[in-house]
Amino acid sequence: MKRATDEAGRSLRTLRVGEAMRHALAEVLARGGTRDAVLERHIVSISEVRVSPDLRHATAYVMPVGGTAEDEKAVIDALNANARLFRQAVARAVNTRYAAELRFRIDESFAAGARIDALLQNPRVRRDLAPGRQPETDES
């Protein structure tokens, strides 16, 4: 029997477990489950949790809301310092055989989206995307 996978080749089981872990981490951060001053000062958005196929390792992609580059480093350091606490909370919330080892990384997709948006707002690109415009061809 063939396993169900998404377009990136990840199994639906790891996607479901990752989403459950994301919710558990978000809840711990929202209720202030840590006594870390850095985490209490920042609102942290968890965009995705990627889980290894054996469910023993998980990488959470996070972004401090409205932060600077210095804030990003401080938040990542604080999250990684409190990884044991988060691991325990996730293990209680998500019923798997092993408690996954957590790593936290900055989510670069926000920056990539901003770059694409800036490109689409460029007047030259907007001109080329105008409705009814015929593409220019090179007739050399």
Review point. List, please: which pairs have Cβ atoms under 6 Å, are six or more places apart or on different chains, and start with a residue in the range 32-51 that is closer than 12 Å to PHE104 by Cβ and end with one that is outside any loop (DSSP other than H, G, I, E, B) and basic (Lys, Arg)?
Key: ILE46/ARG22; VAL49/ARG22
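Is there a residue being within 24 Å of LEU15 (Cβ to Cβ) and of a type in the set (Val, Ile, Thr) anywhere in the range 66-73? Please lay out each step first, then the result.
If we filter the range 66-73 for residues that are within 24 Å of LEU15 (Cβ to Cβ), which is where we start, we get none.
Scanning the range 66-73, I find no residue that is within 24 Å of LEU15 (Cβ to Cβ) and of a type in the set (Val, Ile, Thr), so the answer is no.
Please go through the range 9-31 and pick out each residue that is touching a helix residue (DSSP H, G or I) at 6+ places or on another chain (Cβ under 8 Å) and closer than 16 Å to ARG105 by Cβ. Give the steps one after another, and end with the answer.
Going through the range 9-31, the residues touching a helix residue (DSSP H, G or I) at 6+ places or on another chain (Cβ under 8 Å) turn out to be 20-21, 23-25, 27-29.
Listed by number, the residues that qualify are MET21, LEU25, LEU29.
Scan the range 66-94 residue by residue and report those that are among the polar types (S, T, N, Q) and either in contact with a helix residue (DSSP H, G or I) (Cβ under 9 Å, 6 or more places away or on another chain) or at pLDDT 90 or above (or both).
Restricting attention to the range 66-94, the residues satisfying the condition of being among the polar types (S, T, N, Q) are 68, 80, 82, 88.
ASN80, ASN82, GLN88 - these are the residues of the range 66-94 that are among the polar types (S, T, N, Q) and either in contact with a helix residue (DSSP H, G or I) (Cβ under 9 Å, 6 or more places away or on another chain) or at pLDDT 90 or above (or both).
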Revision key, fill the gap. Within the range 66-87, residues closer than 15 Å to VAL28 by Cβ and either surrounded by 13 or more Cβ atoms within 10 Å (Cβ to Cβ) or in contact (Cβ under 8 Å) with a residue 12 or more places away in the chain (or both) come out as VAL75, ALA78, LEU79, ASN80, ALA81, ASN82, ALA83, LEU85, PHE86, ARG87
Check your understanding: So, of the residues in the range 17-65 that are surrounded by fewer than 13 Cβ atoms within 10 Å (Cβ to Cβ) and among the aliphatic types (A, V, I, L, M), which turns out to be farthest from GLN88 (Cα to Cα)?
Key -> VAL65
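The values are calculated or read from the model by the stated rules, or taken from the named source; none is laboratory data. Since this is a predicted model, take the numbers as computed values, not measurements. Glycine gets a Cβ as well: all are built from the backbone with ideal geometry, and neighbour counts include every protein chain shown.
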